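K.L.:
Encoded as C-alpha cells, here's the structure I'll be asking about.
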Amino acid sequence: MADSIQRLAAREKIGYACGDIATNFFFQSMILYQTRFYTDTAGLSAVAVGSMFLVLRLGDAIIDPVIGAMSDRTQTRWGKFRPWILGTAIPFGLIFWLVYVTPNFGPHGKLVYAYITYSLVMMLYSANNTPYSALMGVMTPDSSERSSIAGYRFVGALIGQFIIQALPLPLVAKLGHGDSARGWAITMAIFGFLIIILNLITFASTRERVFSAPGQKPSLRADLKDVFTCGPWIVMFVLTLLIFTTLVVRGSSLNYLFAYYLDQGTVKTFLDKLGLAALGAGPVTSWRLGLNALGLLVNADGSNAAAVGLSLFFVLGSLIQIVGILFSKPLADRFGKKAVFIAGMAVTAVATALVFFVTPTSMTLLIVLSILWPIGWGPTVPLLWVMIADVADFSEWKNSRRATGFMYAGILFALKAGLSLGGALSAWVIAAYGYVPNVAQTQRALLGIRLGASIYPAVTLTLGIVCLVIYPIGKALNVRIQDELTERRKNYSTPNTAAATS
C-alpha cells in the first residue's frame, strides 16, 4: 500500500488526540476525585457510594456493546463513528458539570440526584467513547501508523490527565472560598465547556478509511460469535478489567492518602522548599502569580497542602508518562507490543507495591515512586488500544468479517466493569477499615487507605501480566496478518476512499 494512503497528516492525529483530552477530563476526575467528592462534599456514605458505583457502572457497561453494534451499522456521509462524536459533544459536557453540582437536598435527595446524573454521564460516555475508540481502527489500515495515531492520542490523554490532576483540587479551594460544593461546581463547569469544544474539533479534523468487505451483511449473531470465539479478544477483555480496576482503586486511595495519612506539616515544608510557598513567603514573580491564580501555592497556614501535594505527585507522573508514550511506538516496533507491555507492567507493579512502605513524613520517597511508576506505565498506555485494533484485524483475518465497533465496545464493557469494581472496592475498603469523613482517622482506617494505594492494586497488576503472557498475537503473527489483509483489501474500496486519503 502506498505511503500516501498509509501516512496521515499530523494535524489529523492531533485532532483525534483532542478527543482523548476531553475524555480524560471526565475519566481522570472519576478515578481520582469522585469517591471523595461524594463522601466529603456531597455527604454520602462510603458504602452508599460504593454500591452506586457498582450498580450504575455495571449496568451502564451493557450499553457499550449496543453502541458498538449501532455504530458499526451507522451509514452517513461522515462515516460510521464520527457522527456519534458530534452528537454527544454538548450533552456530555453539560451532564459532566451537573455531576459535580451539589443540590440543597437532604441525604436521600442527594443520593437520588447522584444516581440520576451519574447514570446519565456514564451513558453519554459510552455513546461518545465507544465510537471514538473504534475510529482509530478505521482511520488507517496500517498497524504501525495506528501505533503513531495511538501515540498522539495518548499524548493528548496525558495532557488531559496532566491538567485534571494538577488543577481541580487547588481550583476548588480557591474558587470555593471555603465552600467545596461551590468550588466543585464552578471548576467542573469550566472543564465541561472544554469537553464540548474538544469533541467538536475531533469530529471536524478526522476521516474514516477502512471499510467492511463488500457483501458483509450486518449480523449481531455473527458479531457475537466472532467476539466470543476470539481468544485474543478474551485475553484483552480480562486485561482491561484488571487495569481499570487497578487505576480506580489506586487513584482514589492516593487522594485519601494525601489528605489523611501524610503529615501535613511535612508536606507543607517539602512544597515550600520547591518554591511553592504562599506569595508572602517568597518572591513575587509572574510565574508565582500564575501558580497562585490556579491555587497551586501552599497557603501560609498549610490548609491546602494536601491538595497541592497531590497535584504535584500526579503532575510529575504525567510528565514522565508523556515521555514514555513517545517511546511506545519505537519500542513496540522493535520488541513487539506484547513484550513492551509485560516489561512496563512489571515495573509499575513494583512501584505500586513500594508505596506501602512510605511513612507519613517520607515525602521524598513518595515523589521518587511518582517518577518510577510512570517510567513503567507510560510506554504501555497506547498499547492496549492498538492491540485491540490488532485483535479486530485478527478476527477479520480468521472470519473474513470486520466488526471494529463491536470489538471495541466489548473492551469498553470491560473498562466500565473495571471502573465499577474499582469504584466499589475503593469505597468499600475504606469503609471496612473504619473510615469516617473529615476527621482524623484511626490506625486501622489508615491501614486500609495504605493498602488501597499500594498492595491491592499491585496484585491486580500482577494478574494483568499473567494475561499478557498468554496473549497469542506476537510480533511475527501481527506482521503476517497485516500483509495478508493488505492483499485482500486491494480487491475492494469505496468511492470516497481517494478523497478521504488525499
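K.L.:
Any residue in the range 438-460 that is assigned to a helix (DSSP H, G or I), of a type in the set (A, V, I, L, M, F, W, C), buried (at least 24 other Cβ atoms within 10 Å of the Cβ) and touching a Phe, Trp or Tyr at 6+ places or on another chain (Cβ under 6 Å)?
P.N.:
Yes, the range 438-460 has at least one match.
K.L.:
If residue 353 passes every condition in (1) at pLDDT 95 or above; (2) surrounded by 21 or more Cβ atoms within 10 Å (Cβ to Cβ) but one, which one does it miss?
P.N.:
Just one mismatch for residue 353, condition (2).
K.L.:
Taking into account only those residues within the range 156-195 that are in a loop (DSSP other than H, G, I, E, B) and not aliphatic (A, V, I, L, M), which is surrounded by the most Cβ atoms within 10 Å (Cβ to Cβ)?
P.N.:
Only one residue fits best here, namely 179.
K.L.:
Also, quick follow-up: Of the conditions (1) assigned to a helix (DSSP H, G or I); (2) farther than 19 Å from residue 132 by Cβ; (3) touching a Ser or Thr at 6+ places or on another chain (Cβ under 9 Å), residue 112 satisfies every one except a single condition; which number is it?
P.N.:
Status for residue 112: all satisfied but (3).
K.L.:
Check off (1) closer than 30 Å to residue 143 by Cα; (2) in contact (Cβ under 8 Å) with a residue 24 or more places away in the chain; (3) not aromatic (Phe, Trp, Tyr) for residue 316 and give me the number that stays unchecked.
P.N.:
Tallying (1) closer than 30 Å to residue 143 by Cα; (2) in contact (Cβ under 8 Å) with a residue 24 or more places away in the chain; (3) not aromatic (Phe, Trp, Tyr), residue 316 fails exactly one: (1).
K.L.:
Also, quick follow-up: Here is a list: 238, 227, 248, 308. Which entry is in contact with a Phe, Trp or Tyr (Cβ under 8 Å, 6 or more places away or on another chain) and assigned to a helix (DSSP H, G or I)?
P.N.:
Being in contact with a Phe, Trp or Tyr (Cβ under 8 Å, 6 or more places away or on another chain) and assigned to a helix (DSSP H, G or I) holds for just one of 238, 227, 248, 308, which is 227.
The values are calculated or read from the model by the stated rules, or taken from the named source; none is laboratory data. Note that the coordinates shown come from a computational prediction; the quantities given were computed from them, not determined experimentally. Cβ coordinates were reconstructed from backbone atoms using ideal geometry, including for glycine residues, and neighbour counts include every protein chain displayed.
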